[in-house]
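The values are calculated or read from the model by the stated rules, or taken from the named source; none is laboratory data. Keep in mind that this is a model prediction, so the values were computed, not measured. Positions of Cβ are generated from backbone atoms using ideal geometry, with glycine treated the same way; all protein chains shown enter the neighbour counts. To get the accessible areas, we keep the full protein, side chains included, count just its heavy atoms, and leave off ligands, DNA and RNA. Shrake-Rupley method; radii C 1.70, N 1.55, O 1.52, S 1.80 Å.
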Amino acid sequence: MADNTLWVGVLTAGTAVLASWVTSRGTARAARIQAETTAAVQRTDQRRTARRNAYADVIEQAQKMGDLYWKVNDAHADPDPDARTAALKELRLRLRDAYALLRHLVRIVELEGPAEVAAAADRLRRSTSDSYQALEDMIGGDTDAIQRFNECYAPFWEKVVALVAVAREVLQEGGSAAPLPVPAPRTRTRRPGIRPRPGSGGQGPA
């Protein structure tokens, strides 16, 4: 009878130890899975945030360049030829600097990806070339250059809107994200009958 009691005690203790071991193994596995899931979610959120910031920076810089385009119109309206030329040259320098930053920001978007957003950002960057060439022609005394300059604005803004659309789609694929800034364009007045001339390169945007 004593032997039976001993064996029952040993068996009970062994079962308890085994159950505890199985439970601890299950708890550790569940904790590991939870930690891996949390880390994956954090990585996804960090990537989405980095992408959103990169996209927003390009859009904001495009807005700043658009504001400079309007200043070119204001400068061109100056009746004093010397003052007009001086103002246009100063704006050319500012646009060159703005383009340099835009190009840098586009490169960041290319690193962050995905490919469709990078391509849209690069199309936006390249759309600034004709405006810059028209500004160069204005400074050189081409009387038709202001019209070509203004006609470059709509294609430029279309590239901004296209970038916003594809960037928003990419961000929403991974879950909710803060909305991208969408600057409101201003309408330019055009004179009919003058077709835009493609830019021919130069030292500025390309």
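Mind checking whether some residue in the range 138-158 is in contact with a Gly (Cβ under 9 Å, 6 or more places away or on another chain), of a type in the set (Val, Ile, Thr) and at pLDDT 95 or above? The answer is no, given that none of the residues of the range 138-158 is in contact with a Gly (Cβ under 9 Å, 6 or more places away or on another chain), of a type in the set (Val, Ile, Thr) and at pLDDT 95 or above. Looking at Ala62, is it in a helix (DSSP H, G or I) and in contact with an Asp or Glu (Cβ under 7 Å, 6 or more places away or on another chain)? Taking the combined requirement at face value, the residue does not satisfy it. Within the range 115-135, the set of residues being within 24 Å of Asp78 (Cα to Cα) and open to solvent by 50 Å² or more (accessible area, probe 1.4 Å) comprises just one member, Asp130. Scan the range 137-156 for residues that are open to solvent by 20 Å² or more (accessible area, probe 1.4 Å), more than 13 Å from Asn73 (Cα to Cα) and touching a helix residue (DSSP H, G or I) at 6+ places or on another chain (Cβ under 7 Å) and jot them down. If the condition is that a residue be open to solvent by 20 Å² or more (accessible area, probe 1.4 Å), more than 13 Å from Asn73 (Cα to Cα) and touching a helix residue (DSSP H, G or I) at 6+ places or on another chain (Cβ under 7 Å), then Asp137 is the only one that fits. Yes or no: Asp57 free of Cβ contacts under 8 Å to residues at least 60 places away in the same chain and open to solvent by less than 50 Å² (accessible area, probe 1.4 Å)? So Asp57 does not fit the description; no.
The rows are residues; the columns are (1) farther than 29 Å from Asp122 by Cα; (2) in contact (Cβ under 8 Å) with a residue 40 or more places away in the chain; (3) open to solvent by less than 90 Å² (accessible area, probe 1.4 Å).
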{"site": "Gln61", "(1), (2), (3)": "no, yes, yes"}
{"site": "Asp67", "(1), (2), (3)": "no, no, yes"}
{"site": "Asp74", "(1), (2), (3)": "no, no, no"}
{"site": "Asp80", "(1), (2), (3)": "yes, no, yes"}
{"site": "Arg84", "(1), (2), (3)": "yes, no, yes"}
{"site": "Arg92", "(1), (2), (3)": "no, yes, yes"}
{"site": "Arg96", "(1), (2), (3)": "no, yes, yes"}
{"site": "Tyr99", "(1), (2), (3)": "no, yes, yes"}
{"site": "Leu102", "(1), (2), (3)": "no, yes, yes"}
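Residue under question is Thr12, and the condition is that it be over 34 Å from the mean Cα position of the chain (by Cα), part of a helix (DSSP H, G or I) and modelled with pLDDT of 70 or more; does it hold?
Values: over 34 Å from the mean Cα position of the chain (by Cα): yes; part of a helix (DSSP H, G or I): yes; modelled with pLDDT of 70 or more: no.
Taking the combined requirement at face value, the residue does not satisfy it.
Return a yes/no flag: does the range 115-122 have any residue that is of a type in the set (D, E, K, R) and within 28 Å of the chain's Cα centre (by Cα). Within the range 115-122 (the criterion being of a type in the set (D, E, K, R) and within 28 Å of the chain's Cα centre (by Cα)), the answer is yes, since at least one residue qualifies.
Each residue in the range 22-52 was checked for being among the polar types (S, T, N, Q) and either in contact with a Ser or Thr (Cβ under 7 Å, 6 or more places away or on another chain) or modelled with pLDDT under 70 (or both), and 3 of them qualify.
Checking every residue in the range 92-102 against the condition of being part of a helix (DSSP H, G or I) and either modelled with pLDDT under 95 or more than 16 Å from Met65 (Cβ to Cβ) (or both) gives zero matches. Within the range 153-171, if we keep just the residues that are without any contact (Cβ under 8 Å) to a residue 60 or more places away in the chain and among the hydrophobic types (A, V, I, L, M, F, W, C), the residue that is nearest to Ala134 (Cα to Cα) turns out to be Ala154.
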